[in-house]
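Asks: Have a look at this one before I ask anything.
The values are calculated or read from the model by the stated rules, or taken from the named source; none is laboratory data. Remember, it's a predicted structure, so these values are computed and weren't measured experimentally. Don't worry about glycine lacking a Cβ; one is built from the backbone with ideal geometry, like all the others, and counts go over all protein chains shown. All accessible areas refer to the heavy atoms of the entire protein, side chains included, with ligands and DNA or RNA removed. Shrake-Rupley method; radii C 1.70, N 1.55, O 1.52, S 1.80 Å.
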Amino acid sequence: SAVDSQGCLVITGFSEDGSSDFLTVKLSADGASTLWSKIHDHAGGGDVATAVVIDSNDDVIVTGYVWSGSNYDIHTVKYAGADGSILWQNTYDGAASGHDYATSVAVDAINNVYVGGYMQDGTAKDDFVLLKYGPDGPNPDGTPIWVTSYGGAAGGHDRITAIAAGAGGLAATGESQNVTPDFDLVVVKFGLDGSLLWEKRYADAGDGKGQDVALDSAGNVIVTGYIFNGTDRDIYTVRYPASDGPADWVQTYDGGFGEEGHALWVDENDDVTITGHVFALDSDYDVYTARYAG
């Protein structure tokens with residue numbers, strides 16, 4: 001979901017009617033009415049929208065994955081905020097024509113659109129993939145402005161969970177398989193031209209994963225997710241400097257059971273609020289929220 005400058009709420013996901021289709025709905029700020037609702041059926045197969053962002057014109061960009069008839073492809077649609085009419089759309093099929101999934105979308109200060117996800121390579125392993133579109137969509141030939149990918153040194157699965165665009169470039173986080181072969185929490189920063197600037201990972205004895213990422217006003221990269229402490233998962237939040245280097249600060253929350261950070265927000269003072277879940281003694285999950293000084 002996302003909120004526009006007028007406080008209207010846009011929700012995206014999918015609707016089931018024999019097969020799934022993109023469903024995007026815009027609600028009034030007071031929640032009293034549906035301003036518009038749009039279904040997108042790509043080719044009659046299963047289509048799932050996974051992320052939405054709103055640009056500075058209050059237009060709505062939705063991304064996800066669609067069934068092409070033989071594999072899943074990344075599909076992105078830009079809707080006019082006023083009435084939901086389609087401004088442009090694009091389908092991306094990775095070079096190996098395997099299964100390609102979008103998980104996240106972001107816009108920069110001039111309304112360029114960045115889509116993050118993962119695509120299968122020639123060995124059926126997943127690699128990070130980032131796509132750039134202009135405010136008016138793809139190149140005249142229907143291709144993204146640029147495409148860049150990232151695969152970890154171990155040659156395993158590498159999957160983006162979240163991306164962010166801001167001062168100094170793009171940040172992506174997710175999971176990267178190592179030689180063990182469990183997954184590491186990984187953070188990668190790219191330039192706005194798609195160039196790889198730096199990579200950081202937290203290697204432990206179990207699975208870790210970055211679940212949300214943001215850039216502060218100086219371009220520093222903040223990530224929350226989880227790591228493995230040898231027994232269970234802990235919430236892990238870290239800030240890396242914009243220009244590379246060791247972490248500026250790290251916060252770990254260990255409640256004694258399984259904990260995960262799921263989302264974060266950086267406010268106008270560059271303070272960081274994260275939220276996630278913790279496992280309580282009564283065998284239920286509780287919401288956990290913390291705020292850290294930037």
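Asks: Could you tell me whether the range 195-210 includes any residue that is in contact (Cβ under 8 Å) with a residue 60 or more places away in the chain and either not in a loop (DSSP other than H, G, I, E, B) or not β-branched (Val, Ile, Thr) (or both)? Walk me through how you get there before you give the answer.
Replies: As a first pass, look at the range 195-210 and keep what is in contact (Cβ under 8 Å) with a residue 60 or more places away in the chain: none.
Within the range 195-210 (the criterion being in contact (Cβ under 8 Å) with a residue 60 or more places away in the chain and either not in a loop (DSSP other than H, G, I, E, B) or not β-branched (Val, Ile, Thr) (or both)), the answer is no, since none of the residues qualifies.
Asks: How many residues, within the range 253-266, are open to solvent by less than 70 Å² (accessible area, probe 1.4 Å) and closer than 26 Å to residue 219 by Cβ?
Replies: 4
Asks: Any idea which of 158, 182 is touching a Phe, Trp or Tyr at 6+ places or on another chain (Cβ under 6 Å) and either farther than 28 Å from residue 268 by Cβ or without any contact (Cβ under 8 Å) to a residue 60 or more places away in the chain (or both)?
Replies: After applying the criteria, what remains is 158.
Asks: List every residue pair whose Cβ atoms sit under 6 Å apart, with the two residues 6 or more apart in sequence or on different chains, where the first one lies in the range 234-262 and is in contact (Cβ under 8 Å) with a residue 40 or more places away in the chain and closer than 23 Å to residue 191 by Cα and the second, anywhere, is surrounded by 14 or more Cβ atoms within 10 Å (Cβ to Cβ) and hydroxyl-bearing (Ser, Thr, Tyr).
Replies: The qualifying pairs are 237/224; 247/240.
Asks: Is the range 224-244 home to any residue that is hydrophobic (A, V, I, L, M, F, W, C) and surrounded by fewer than 19 Cβ atoms within 10 Å (Cβ to Cβ)? Show your work before the answer.
Replies: Just the residues of the range 224-244 that are hydrophobic (A, V, I, L, M, F, W, C), to begin with: 227-228, 235, 238, 242.
Keeping just the survivors that are surrounded by fewer than 19 Cβ atoms within 10 Å (Cβ to Cβ) gives none.
No; the residues of the range 224-244 include none that is hydrophobic (A, V, I, L, M, F, W, C) and surrounded by fewer than 19 Cβ atoms within 10 Å (Cβ to Cβ).
Asks: Tell me the strands (runs of 3 or more DSSP E) entirely within the range 32-79 that contain at least 2 residues that are under 23 Å from residue 118 (Cα atoms), in contact (Cβ under 8 Å) with a residue 24 or more places away in the chain and not hydrophobic (A, V, I, L, M, F, W, C). I'd like the intermediate steps shown before the answer.
Replies: Details: elements: 34-40, 48-54, 60-67, 72-79.
Output list reads 60-67, 72-79.
Asks: Can you name the residue in the range 1-31 that is outside any strand (DSSP E or B) and touching a Cys at 6+ places or on another chain (Cβ under 8 Å) and is also nearest to residue 75 (Cα to Cα) among such residues? Step through it out loud before you land on a result.
Replies: At the first step, the residues of the range 1-31 found to be outside any strand (DSSP E or B) are 1, 4-8, 18, 28-31.
Retained after the next criterion (residues that are touching a Cys at 6+ places or on another chain (Cβ under 8 Å)): 28-29.
Values: 28: 26, 29: 28 Å.
Applying the filter and picking the extreme gives 28.
Asks: Would you mind finding the one in 45, 7 that is at positive phi and of a type outside the set (S, T, N, Q)?
Replies: Values: 45 fails: at positive phi.
Just a single option satisfies the conditions, and that option is 7.
Residues checked against (1) assigned to a loop (DSSP other than H, G, I, E, B); (2) without any contact (Cβ under 8 Å) to a residue 40 or more places away in the chain:
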{"site": "101", "(1), (2)": "no, no"}
{"site": "129", "(1), (2)": "no, no"}
{"site": "139", "(1), (2)": "yes, yes"}
{"site": "144", "(1), (2)": "yes, no"}
{"site": "153", "(1), (2)": "yes, yes"}
{"site": "164", "(1), (2)": "no, no"}
{"site": "175", "(1), (2)": "no, yes"}
